[in-house]
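Have a look at the structure below, then the notes.
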């Protein structure tokens with residue numbers, strides 16, 4: 001039983017494959033030396049070493065507004081994986097071929113604090129990959145209508161810089177990063193601006209609004225309207241098992257992962273399976289999509305709770 | 001600009017000249033790191049993570065009779081008022097990395113861990129003046145959390161001199177006023193100064209007052225850090241059932 005195998009030391013775990021030479025051995029040592037048989041022993045009982053059933057994701061929490069100096073920010077934790085996203089808006093001149101559209105710049109950083117394998121001076125291998133995935137998903141899901149970021153057609157528009165920092169890397173980095181990006185966008189408060197006398201766009205502080213001589217406000221909307229919000233779930237495939245929301249240990253042992261992104265109207269936004277030793281059949285992909293649907297409902301609830309919690313305050 | 005209101009004696013943020021900003025320290029924020037801490041001084045928020053002692057990654061830098069201490073300081077793009085794209089190796093970051101490394105090296109007992117490497121990574125999430133001090137305080141907490149042997153705890157605080165008054169713990173507005181800014185780092189119990197930096201002109205006797213004020217601030221922070229570490233140890237004892 002799974003419970004017995006994780007309890008004390010000196011258990012006789014003569015598992016499949018490399019374990020047969022072990023005989024009497026400490027559980028922790030077995031886990032380090034023969035990780036794959038250790039996991040397979042748990043998978044036989046449809047459970048994982050942290051007592052999660054195969055299809056359950058880890059505890060997720062979203063906190064809005066941790067960075068006071070940013071226009072929108074969010075801190076997301078999925079299990080131990082922690083992501084901090086912050087958005088800063090700056091006024092810029094829109095390009096000639098899109099005069100009434102703002103623009104979006106998305107960057108994903110993995111500073112060396114997040115994981116022992118990231119070395120300073122050399123960026124983590126997965127960081128640019130996740131950065132590109134995030135950009136692609138956010139743009140292709142059309143969550144944000146760039147026309148809403150426009151101020152004065154042809155002259156001024158918002159440039160939204162989204163920076164996501166991974167503070168703790170423990171698997172499912174893309175899921176946490178996407179969730180933090182969405183949470184930061186839902187928290188975003190666009191500052192009020194008006195046109196100054198010399199034609200420049202300047203920020204207007206809240207108290208000036210009560211003043212008699214109110215400057216002409218260029219924008220009235222404070223919040224961005226998010227259309228179809230994308231949610232994702234990463235799963236690991238191993239033999240005939242599908243493990244949802246892997247930890248870093250699981251990702252390193254069983255290398256085949258598949259990420260499915262659905263939007264709030266249950267349409268497929270993206271499927272990403274970057275190779276790997278396990279070949280997925282159509283039925284497996286369909287199962288992953290179903291799992292993502294369930295996860296999406298969970299995430300929608302969590303996001304709504306944190307938004308309403310913020311409004312109360 | 002009036003940094004000190006002449007009638008009430010309050011500073012721009014309502015503090016008295018000898019008041020430090022509210023500090024808060026938390027241990028164990030990065031689960032994967034050997035030791036980690038979050039330290040806040042007012043609006044300045046800093047995360048430090050310590051990895052080590054572990055095997056030296058670049059064998060050519062290995063020292064045979066002591067540990068190699070490395071430090072990297074970086075600021076998040078959204079940490080200051082305007083979002084500035086910060087290249088990793090820019091001069092300010094490199095200088096502060098060096099300062100933090102040498103300050104921590106003074107207290108880590110490196111001879112106990114030869115041929116190993118201790119990495120200290122500091123990430124500024126929000127900057128409102130005093131980032132250098134907040135980083136050193138966070139690094140001390142993180143090193144203690146990692147169980148790295150140290151001879152004493154290092155704490156740091158800054159002080160300045162504006163409107164003819166020594167002010168403790170400058171925030172960003174006071175810091176950018178162009179007046180002198182003295183940053184001090186001390187070994188708390190041994191009462192020794194490891195870090196002392198000052199930019200701008202200041203008469204010597206006033207400098208002594210300002211430095212003394214900064215040292216008082218450091219001692220107060222040391223008191224707080226000791227409290228945080230004691231609390232943490234009590235919780236660990238509870239968990240282990242002692």
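The numbers here are math on the coordinates, done by the rules we state, and not lab data. If you're wondering where the values come from, they're calculated on a predicted model, not measured in any experiment. Reconstructed Cβ throughout: ideal geometry from the backbone, glycine too, with neighbour counts over all protein chains shown.
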Q.
Helix-only mean residue ellipticity at 222 nm, chain B, DSSP H runs n ≥ 4 weighted -39,500 (n - 2.57), per residue, nearest 500. What is it?
A. -10000 deg cm²/dmol
Q) Relative contact order for segment B:82-190: what is it in percent, counting Cα pairs under 8 Å that are at least 6 residues apart? A) 26
**Q.** Tail beyond 24 Å, pair distance distribution of chain B (Cα, percent)
**A.** 46
(Q) With 10 angstrom as the radius, rank B:1, B:104 by how many other C-beta atoms surround their C-beta, starting from the fewest. (A) B:1, B:104
(Q) What FRET efficiency comes out for residue A:129 versus residue B:31 if R0 is 22 angstrom and r is the Cβ-Cβ distance? Round to the nearest 0.05. (A) 0.45
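For the pair residue A:142 and residue A:307, what calculated FRET efficiency results from E = 1/(1 + (r/R0)^6), where r is the Cβ-Cβ distance and R0 = 25 Å, to the nearest 0.05?
On the way: r = 21 Å, r/R0 = 0.83.
Between residue A:307 and residue A:142 the formula returns 0.75.
Convert 4 °C to kelvin, take the viscosity as 1.567 mPa s, use the Kirkwood radius over C-alpha pairs of the protein assembly as shown as Rh, and evaluate the Stokes-Einstein diffusion coefficient in µm²/s, rounded to a whole number.
Numbers: Rh = 26.1 Å.
In µm²/s, the coefficient rounds to 50.
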Q: Find the relative contact order for chain B and round it to a whole percent, using C-alpha pairs within less than 8 Å whose residues are 6+ positions apart.
A: 20
Q) According to a simple spin-label model (label point 7 Å from Cα along Cα-to-Cβ), what is the distance in nm between residue B:190 and residue B:236? A) 2.2
Q: Report the convex hull volume per residue for segment A:61-229, counting only C-alpha atoms, in Å³.
A: 132
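Would you mind ranking A:28, A:298 so that the residue whose beta carbon has the fewest other beta carbons within 10 Å leads the list?
Values: A:28 11, A:298 14.
With the fewest neighbours first, A:28, A:298 line up as A:28, A:298.
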Q | Fewest-first ranking of B:39, A:185, B:207, using other Cβ atoms within 10 Å as the exposure measure | A | B:207, A:185, B:39
Q) Using alpha carbon centroids, what distance separates segment A:290-313 and segment A:49-119, in Å? A) 16
(Q) Of all beta bridges DSSP finds with both residues in the protein assembly as shown, what is the antiparallel percent, to the nearest 5? (A) 85
Q: Name the residue, out of B:25, B:227, B:217, whose mean-square fluctuation peaks in a Gaussian network model built on chain B with Cα pairs under 10 Å.
A: B:227
**Q.** Label-reachable residues, segment B:158-175, where backbone N falls under 12 Å from a point 7 Å from residue B:201's Cα toward its Cβ
**A.** none
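What is the gain in length, in nm to one decimal, between residue B:16 and residue B:59 on full extension, counting 0.36 nm per residue of separation less the C-alpha to C-alpha distance?
Numbers: separation 43, 0.36 × 43 = 15.48 nm, distance 5.15 nm.
The residue B:16-residue B:59 span can extend by a further 10.3 nm.
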Q | Label-point separation in nm, residue B:2 to residue A:155, each point 7 Å along Cα→Cβ | A | 3.8
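Would you mind telling me the antiparallel percentage of the DSSP bridges in segment A:61-229, rounded to 5?
Working: 28 of 35 bridges.
So the antiparallel bridges in segment A:61-229 amount to around 80 percent.
For a test of the definition: using alpha carbon positions, the gyration tensor, and the 1.5 limit on a/c, classify segment A:100-192 as rounded, prolate or oblate.
Working: a/c = 2.45, a/b = 2.26, b/c = 1.08.
It is prolate, given that a/c is not under 1.5 and a/b is the larger ratio.
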